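Just so it is clear, none of the values below were taken in a lab; they were calculated from the coordinates. Since we're looking at a predicted model, the values are computed, not measured. With ideal geometry, Cβ positions are generated from the backbone for all residues, glycine too; neighbour counts draw on all protein chains shown.
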């Protein structure tokens, strides 16, 4: 029996029932199909919006990490981590969806934490679970998965920046490396974001194509159905359109449908809000009416590729004008669309306002190149300008000048009036400097109270006139803070920038030395360096000694000699000597003290040498306890730069206790000149060490006669008569009288005296006759190795 025979044998009631059943089946299939389309499209749109949120979050995280790298502000770090939590939450949601056992509640919680809209979560989960193996969507998942490493890298960079800022002084190279890593991670994330966006777009187009084919098949089937099916399909299509419209209108980003002539066919409310125009206004405007004139060509080649069909979409940044005429920066994505209704081509434009991100980026760039306190260029930007000017001088044989300013009284202002006063002083100095310079000149704050200037396109004479004008302006400046006035002034070094100048580093070293010369000449001076400048040459040699001394300390190339200090009259006293620091050069040859000690004093390295000497003397005395028992006193010279250092006295006391050296076995020698210049510091240092029973000698005594009046205030035990007077007392009656006077004053004040430079018996006899307590010199003992003294040789 055929199928047709069976159909005809059915009763009308059964036929109607079968038709109704068929109609409802078709209607049910159509409804399921329509809902599937809506869910798929909604899920795809939700993923696209999620990518926009992800992209914005990672950009904001990078920006705030950059700000934290420069500012060290914990609020910036907190903001960065808050933004970074968004893509990390989305990553957590993906990992949960990839698990074999799906925990829907945990997935939704992670996706909501990733700022996805709750209404689209079910569709997003279904799409991922069922279509993640489809080729197009799989590429999107791979791009998404590839972001994991860079997100973790951002988190690690944030932790590393936090550790650096928690340190006493962040390492500059480490900070630079972290900022470079931050830039690399940001670029990788942006690249993967673009891959994800393109893959989602491809999936969306593929889905549209597939669904279009299926739709055609369903329409053929529905054509044989009753008019009720058509009505139901029409209603279903209407509902689908309404759903798409709702998504279009409710999107957080601006969306427009634009025809090939550049006019909008439709726009959503978000775009109207971003641009400040009403919907009718936007529909009447051409796209170019929103652009800045100079920006109309930006992205043109890529847009032409989209028009030609060789590219599906293109994303670029563009500056637009809103309804108020104000500028806003937007990230624009243009995609090619096709209307099945009229077979026309159009473009879908997605616009996101990134004005705040762009402003923050510009702000970060400004902060990276300017001093926050004064608003001047910082050292890094200044050296870039210097490179450009030097290149110009070498290529065009032009002449310029480089200046280095070091304020003379800045420390006084800071110490007496506080750091707020110091900051205000720096701002006022910056303002005065601006007024004294030309518009073409470059002014920067290089750090602390140091400023740099590049005087462009002028002769040496003109540069000298400008610098003198600036120096006079600083000299005339009276800084007043809370009723207290300060005279400032500055020392200025100047070097020419010519075709013969070698490089930026050499110029900066030369101008730094020129400033030192200006200070050495009495401060508040301007010093112009010239070719073959012998003063610059001397300072450069001394500055080279700075590195050599540092290396010698690291390589332990210092050693000690010692010279006996002998009682002139009384016999039987214990052993007394002065330790003398020596240095071996890189070849093992002994360097005269006069070659390296002046440089150590001038550039502040002498305290390091003094600490080494104290450590070494105490260590050796501990190793030679028999020698220590017979020792009357070991004399140790101290630099004036040492005893005025905070904590130096504590260091000496701690070392005495550490090695167990009795304080009365140590006598510290301080030069008269350094003591008079730092009288308060010297008194405080002596008082502190006197509590540990240490004694003190005033070295080179007699070079300043005014010092006699200060002897009552200084707890010194010995006066070391300067050898300049002692050496010629046999032949020079004036020197003899001077030595006798110093010895008499010492006796009157209860101080013992030590005569230096005793080189013959005649001199020794005269010193004994006048009652000098101790004598020292080549005529009595030539300096020998400290180890020889310790061993009793």
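Quick one: what Rg and Dmax do you get for the stretch 534-659 from the alpha carbons, in Å?
16.5, 53
Let a ≥ b ≥ c be the square roots of the eigenvalues of the Cα gyration tensor of the stretch 556-791; is it rounded (a/c under 1.5), or, if not, prolate (a/b larger than b/c) or oblate?
rounded
With label points built 7 Å along Cα→Cβ from the Cα atoms of residue 782 and residue 731, find their separation and express it in nm.
Simple spin-label model gives 2.2 nm for this pair.
Using packing as a proxy for protection, rank 116-125, 161-170 so that the peptide with the highest average count of other Cβ atoms within 10 Å comes first.
Those peptides, ordered most packed to least, come out 116-125, 161-170.
Which shape class applies to the stretch 440-490: rounded if a/c is under 1.5, otherwise prolate when a/b exceeds b/c and oblate if not, where a ≥ b ≥ c are the square roots of the Cα gyration tensor eigenvalues?
Taking the square roots of the gyration eigenvalues as a ≥ b ≥ c, the stretch 440-490 is oblate.
Using alpha-carbon positions, what is the distance between the centroids of the stretch 648-702 and the stretch 550-607, in Å?
Answer, in whole Å: 18.
Highest mean first, how do 763-769, 450-456 rank when packing is the count of other Cβ atoms within 10 Å averaged over residues?
Highest mean packing first, the order is 450-456, 763-769.
Give or take rounding to whole Å, what are the principal axis extents of the alpha carbon atoms in the stretch 658-697, in descending order?
Rounded to whole Å, the extents work out to 33, 15, 14 Å.
Taking the Cα centre of each part, how many Å lie between the stretch 369-417 and the stretch 712-767?
52 Å
At residue 261 and residue 416, where each label point lies 7 Å from the Cα along Cα→Cβ, what is the point-to-point distance in nanometres?
Spacing of the two 7 Å Cα→Cβ label points: 7.9 nm.
Once the Cβ-Cβ distance between residue 434 and residue 485 is put in as r, and R0 is 30 Å, what FRET efficiency do you end up with, to the nearest 0.05?
That gives a FRET efficiency of 0.85.
Roughly how compact is the stretch 373-531, stated as its Cα Rg over 2.2 N^0.38 Å to two decimals?
Relative to the rule-of-thumb radius for its length, the stretch 373-531 sits at 1.02.
Subtracting the Cα-Cα distance from 0.36 nm times the residue separation, let me have the gained length for residue 683 to residue 344 in nm, one decimal.
112.5 nm
Provide the FRET efficiency to the nearest 0.05 for the residue 503-residue 462 pair, computing r from the beta carbons and using R0 = 35 Å.
Rounded to the nearest 0.05, the efficiency is 0.90.
For the pair residue 98 and residue 692, how long in nm is the line joining their label points, each one 7 Å along Cα→Cβ?
6.3 nm
Please give the direction-averaged projected area of the C-alpha convex hull for the stretch 59-153, in square nanometres with one decimal.
6.7 nm²
Would you mind getting me the FRET efficiency between residue 554 and residue 384? Use the beta-carbon distance for r and R0 = 25 Å, nearest 0.05.
0.15
Suppose the chain between residue 745 and residue 469 were pulled fully straight at 0.36 nm per residue; how much longer would it get relative to their current alpha carbon spacing?
The span from residue 745 to residue 469 would gain 94.3 nm if fully extended.
Could you work out how much longer the chain between residue 423 and residue 623 gets when fully extended? Use 0.36 nm per residue separation minus the Cα distance between them, nm to one decimal.
Here the segment from residue 423 to residue 623 would lengthen by 66.8 nm.
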